[in-house]
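Notes follow once the structure below has been shown.
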Amino acid sequence: MLDRRRGTVRDLRRENRAAVLWWLYFSQPSSRQELSAATGLSPASVTNVVRELLDDGIVIEAGSVDSDGGRPRVMLEINPDHGYVIGVDIGETRVRVELFDLTMAERAKSDYPLNPREHDVDVVVERITSGLNAVLTDSGIEPAAILGVGIGVPGIIEQGPEVLVHGQTYDWDAVPLGRLLRAATDLPLHFENGAKTMGQAELWFGAGRGAKTAVVTLIGSGVGASLISGGTTYRGATSSAAEWGHTIIMAGGRKCRCGSMGCLEAYVGAEAILERYGRPAVGGDEESALAALIEAADTAPLAAAILEETADYLGAGIANLINLFNPERVVLGGWAGLLLGGRFLPAIRESARRHSLRHPFAATSLELGQLGSEAVALGAATLPVESFLNGAPFNGAHPNASPLSAAPR
Ligand SMILES: [Zn+2]
């Protein structure tokens with residue numbers, strides 16, 4: 001308690017600063033008056049916080065607007081060049097690395113293919129390292145100007161003293177990914193499950209905007225989800241919450257990559273759909289194969305039947321989410337989710353209706369993701385932004401990085 005009291009003034013300042021930054025980040029440009037009304041802070045407190053943010057180069061003035069007869073109001077916005085963030089998506093078929101400014105405008109990207117059957121840790125680490133170097137070189141941005149790197153990982157992230165990745169479907173068993181990458185870069189690293197980073201991207205910038213309770217699903221070769229509760233990602237006791245793909249849709253059913261049987265992923269994951277169709281992807285190109293299957297549905301009865309069944313399973317899986325979590329919104333995302341949803345959303349919705357309780361179903365909307373399949377990298381890049389908005393220190397100085405190359409203009 002003593003420590004708490006001692007920290008009060010500084011904590012309050014930090015909280016005020018975070019409140020202003022979070023609001024401004026999503027509602028820019030805003031005037032001081034609007035910031036005061038939105039955050040509940042007094043005009044004097046807002047003035048103090050804004051002065052500090054202007055001095056630090058985090059916020060810049062963006063012109064002024066007339067206010068009914070009074071003095072013009074100065075509009076404020078986040079300085080996009082105060083710092084930069086990098087998002088990494090360790091996907092099933094590629095490693096994507098993208099560099100963004102502080103307002104998430106993309107400045108550089110690189111993409112490295114990955115054999116879906118060969119998720120060797122050393123290969124993945126090497127691809128990430130190459131990608132980091134490539135986006136820094138292409139953008140001409142100094143490492144010291146990078147707030148941090150967010151990494152979306154296909155597995156469960158154990159956030160202990162050392163970050164460990166458990167990727168059961170890739171045979172990643174307690175992989176010390178943080179330590180392995182630390183050998184190659186000094187940049188601050190943040191790790192999160194890929195479905196959760198995609199969920200955060202849709203929550204911040206896409207179909208999840210404004211939702212307090214939502215489930216963002218990621219359907220690719222595998223199947224995952226992100227559970228939004230109270231406006232933030234719900235992680236559970238050991239960060240594995242919302243492993244929706246490995247909930248059972250058919251007791252004793254098809255064998256799943258995780259080793260269990262009858263998992264949702266074993267029916268609606270792209271790999272499983274193509275296997276059920278009897279035509280696994282040639283050369284691992286599941287995206288083209290699934291697109292071809294969907295196109296064939298118009299003329300080939302077998303293709304139509306497989307996809308009808310898939311919509312039914314997927315709807316049942318969504319009904320389970322609706323009955324368990326009572327979300328106001330379910331977002332269908334991931335490359336396969338977008339392909340399936342683009343064509344079969346009404347059938348998926350109808351199946352969800354049939355399989356869920358009337359009351360929670362009536363309170364839920366089912367929507368397509370808005371950010372495309374690159375949302376995992378974008379979402380990963382929001383991890384360092386989140387720390388920054390919450391007040392993580394950043395003055396352009398990482399260990400071994402040259403100071404002041406991040407200098408605000
Ligand atoms: Zn499974």
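The values are calculated or read from the model by the stated rules, or taken from the named source; none is laboratory data. Model, not experiment: these values are computed from the prediction. Note that we place each Cβ from the backbone using ideal geometry, even for glycine, and neighbour counts take in every protein chain shown. Surface areas here come from the heavy atoms of the whole protein model, side chains and all, with no ligands, DNA or RNA. Shrake-Rupley method; radii C 1.70, N 1.55, O 1.52, S 1.80 Å.
Scoring Gly167 on the criteria (1) farther than 22 Å from Phe100 by Cα; (2) among the small types (Gly, Ala, Ser); (3) in contact with a His (Cβ under 7 Å, 6 or more places away or on another chain); (4) open to solvent by less than 10 Å² (accessible area, probe 1.4 Å) leaves a single failure, condition (3). Summed over the stretch 163-212, the residues that are in a helix (DSSP H, G or I) and free of Cβ contacts under 8 Å to residues at least 24 places away in the same chain give a count of 3. Candidates are the residues of the stretch 290-304 that are part of a loop (DSSP other than H, G, I, E, B) and open to solvent by less than 40 Å² (accessible area, probe 1.4 Å); the one that is nearest to the ligand (Cβ to nearest atom) is Ala297.
Yes or no, residue by residue, for (1) touching an Asp or Glu at 6+ places or on another chain (Cβ under 8 Å); (2) in a strand (DSSP E or B):
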site	(1), (2)
Leu12	no, no
Glu15	no, no
Val20	no, no
Trp23	no, no
Ala37	no, no
Val46	no, no
Val50	no, no
Leu54	yes, no
Ser64	no, yes
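Taking the listed residues Leu264, Leu321, Leu332, the one that is of a type in the set (A, V, I, L, M, F, W, C) and farther than 28 Å from Arg94 by Cα is Leu321, with no other qualifying. Taking the stretch 228-250 as the range and being in a loop (DSSP other than H, G, I, E, B) and away from the ligand (no atom under 13 Å from the Cβ) as the test, the residues that pass are Gly230, Gly231, Tyr234, Arg235, Gly236, Ala237, Thr238, Ser239, Ala241, Ala242. For the stretch 217-227, does any single residue satisfy the condition of being more than 16 Å from the ligand (Cβ to nearest atom) and under 19 Å from Asn323 (Cα atoms)? Yes: one or more hits. Looking across the stretch 135-158 at every residue that is among the small types (Gly, Ala, Ser) and in a loop (DSSP other than H, G, I, E, B), the one that is most open to solvent (accessible area, probe 1.4 Å) is identified as Gly140. Of all the listed residues (Arg51, Arg107), the sole one being over 24 Å from Arg13 (Cα atoms) and either open to solvent by 70 Å² or more (accessible area, probe 1.4 Å) or in contact (Cβ under 8 Å) with a residue 24 or more places away in the chain (or both) is Arg107. Of the residues making up the stretch 239-259, those that are under 22 Å from His119 (Cβ atoms) and loosely packed, with under 15 Cβ neighbours inside 10 Å are Lys255, Gly259. Quick one: is Gly70 among the small types (Gly, Ala, Ser) and over 28 Å from Asn133 (Cα atoms)? It is true that Gly70 is among the small types (Gly, Ala, Ser) and over 28 Å from Asn133 (Cα atoms).
Could you please let me know if Gly194 is in contact with a Ser or Thr (Cβ under 6 Å, 6 or more places away or on another chain), buried (at least 24 other Cβ atoms within 10 Å of the Cβ) and not hydroxyl-bearing (Ser, Thr, Tyr)? Answer is no for this residue.
If the condition is being out of contact with any helix residue (DSSP H, G or I) (no Cβ under 6 Å at 6 or more places or on another chain) and of a type outside the set (A, V, I, L, M), then the stretch 218-241 contributes Ser229, Gly230, Gly231, Thr232, Tyr234, Arg235, Gly236, Thr238, Ser239, Ser240. For the stretch 364-382, the set of residues classified as open to solvent by 30 Å² or more (accessible area, probe 1.4 Å) and in contact with a Lys or Arg (Cβ under 6 Å, 6 or more places away or on another chain) consists of Ser365 only. Residues considered: Glu265, Glu287, Glu271. Of these, the only one that is surrounded by 15 or more Cβ atoms within 10 Å (Cβ to Cβ), more than 30 Å from Glu386 (Cα to Cα) and in contact with a His (Cβ under 9 Å, 6 or more places away or on another chain) is Glu265. Could we say that Gly87 is modelled with pLDDT under 95, under 30 Å from Glu126 (Cβ atoms) and surrounded by 15 or more Cβ atoms within 10 Å (Cβ to Cβ) here? No: the conditions fail for Gly87. Only residues that are within 16 Å of Pro29 (Cα to Cα) and open to solvent by 10 Å² or more (accessible area, probe 1.4 Å) were counted across the stretch 58-78, and they come to 13. Considering the stretch 225-238 alone, what residues qualify as being open to solvent by less than 60 Å² (accessible area, probe 1.4 Å), modelled with pLDDT under 95 and closer than 18 Å to Val165 by Cβ? Passing the criteria: Thr233, Gly236. Do we find a residue being on the phi > 0 side of the Ramachandran plot and touching a strand residue (DSSP E or B) at 6+ places or on another chain (Cβ under 7 Å) anywhere in the stretch 196-205? No, the stretch 196-205 has no match at all. For the stretch 207-220, taking the residues that are open to solvent by 10 Å² or more (accessible area, probe 1.4 Å) and not hydrophobic (A, V, I, L, M, F, W, C), the one that is nearest to the chain's Cα centre (by Cα) is identified as Arg209. Beta carbons closer than 6 Å, at least 6 apart along the sequence or on distinct chains, pair a first residue in the stretch 262-280 that is within 17 Å of Gly337 (Cα to Cα) and within 8 Å of the ligand (Cβ to nearest atom) with a second that is modelled with pLDDT of 95 or more and charged (D, E, K, R) for Ala266/Arg254.
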